[in-house]
Every structure is written in C-alpha cells, then in structure tokens.
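What follows is calculated from the coordinates using simple rules that are stated; it is not laboratory data. Just so you know, these numbers come straight off a predicted model, no measurement behind them. A quick note on method: Cβ atoms are made from the backbone with ideal geometry, for glycine too, and the neighbour counts reach across all protein chains shown.
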Amino acid sequence: MNWFFIDESITDGDRRQGPYSVDDIREFVKQGKITESTLVWRSGEENWKPWNEYEESKDPETTSLEASRDELIRNTIEELLKEQAASRHFAGFFIRLLAYCIDYFFLGLVGGLALIALSMGGAADLDAIREALVNYINSPTSNEAFDKLMAAPGIATFFSIYGAIQAIYFVVFQAIYSATPGKMLCHIHIETIEGERLGWISSLARYLCSILTQLTLLFYGIGYLVVAIDPKRRALHDWVARTFVVFDKRAKAPKRSKPEQEN
C-alpha cells in the first residue's frame, strides 16, 4: 500500500512526497518530519486527512491495551447482565393472565360508563348494540353477525373512544409505575432487558407491540401462549419490545409444592 504526505517545509512547487510504506511514514514521524496534523493520503482513501486520524498512527502496544480494556469492559457488562437476569423471577403465564383479566375488568367498567354516556347523549342505541352483541356472541364466526354489530348506532364511536382509553391506560401506567393496576395487584412489573424501569417511549413502544400480540387471538392467541414455553416467560410483544415481566423484589415467585410422601 502506497503512502504520501504533504511536506510543509516546501514552500514552492509540488509538496506531495511519496510513495512510501507505512513503516517509512512512522520513521518520518519519529524524525519529526511528519506531525499529528500533517496531511497524509494512502491508496484507497478518497481524501487527505491528518496522520493522527489513521489507525496506523497509534502505537501498537497502546492499541493492544485499548482492545484489551474494551474487551474487559464488554465481558464485565455481560457478566453483570447475566447475574441480574439470574436474580429475576419471571412472571409466568397464569399470573400474567390474572393481571390481564383484572386490567380488562377495570377497562370494561370504564368502557361501560362511556357507552352509557354515549347513549344518554343520543350518540348510541344501547338496545340495538345489546341485540347485535348477543347475536355476535352466539355466532362469533358469522360475517353477518359481525356486520350487524358494526352497523349498530354508536358502536364505531364507542370503539374509537374505548381504543383511546385502553391506550392511555396502558401507556400511562407502564410509563409511571412500570406496571398496570392488574400487575400491581399481582405484585409483578415490567422491566427492559437491561433491568431498568420503562419510560414513556419504551412504554408506548411496548403498547404498540401488544396490539400485534392481540391480533394473534385470531390464531388461537399464540402471541400470548408463548409465555408458557419461553424460559423467560415473554409474550410476543415482550420479544419485540425487548422487555420482561418479573415479580416485585418484595414478592417472591411462587414455589412449586412438593408431592407428599407416601406413608
């Protein structure tokens, strides 16, 4: 590989010197002919740049020490993350299901109040919605029953309002407490893979990912069922959002009961 440098001691004519080998350039550095700010170019580069911006300008011993230091830091961080992960008690499928049911019980109450308010304001017909909902529950796979439900007066407005309530519920509670009321009652909370509490951005990201998991209900809820087989008890949205659901430190994970010994 050919190297060139700009000889600043030359005041007239072509100041470019070379070609040289990298060992020649390093020798010129020792002699003081090339300084850290001397413009240097090597074959394959687009532009000239100061000598100190080239990797070859570094002392091989210093470079080796820096590499060893970086590797030590990287290994230390990995070990800390492993120790932290080992100290976590991941929340299993059934405790998460219980928290999920509690959350949607609260959301159902708020949604019911919103539907009543829409009815009192003349924006929804409760009788028509009730009749269409009963038909849909009796025939959940019927396109006709679904179309009638969606055509019920006020149902579209209700779903819009309920969707907003659900988003606010999950994003706000997760951002402030790293847990929804259902999870708090079950003594579990959400953490990032680094073991940190959720912030506003990570909470919003996790909620958006949970919509993807909800869509898997059309496929037997596989996005939720993976919690039962994953060693770290992650649902689909946990995988995508890079989060875990763990027991609070003050609450211990339930222990499996040992079978009684026969007398």
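Side notes on the structure shown:
- Residue count for the range 205-246 satisfying the condition of being aromatic (Phe, Trp, Tyr) and surrounded by 14 or more Cβ atoms within 10 Å (Cβ to Cβ): 4.
- Test result for residue 27, outside any loop (DSSP other than H, G, I, E, B), within 43 Å of the chain's Cα centre (by Cα) and within 18 Å of residue 1 (Cα to Cα): no
- Residue, nearest to the chain's Cα centre (by Cα), within the range 178-222, restricted to residues that are closer than 16 Å to residue 91 by Cβ and free of Cβ contacts under 8 Å to residues at least 40 places away in the same chain: 206
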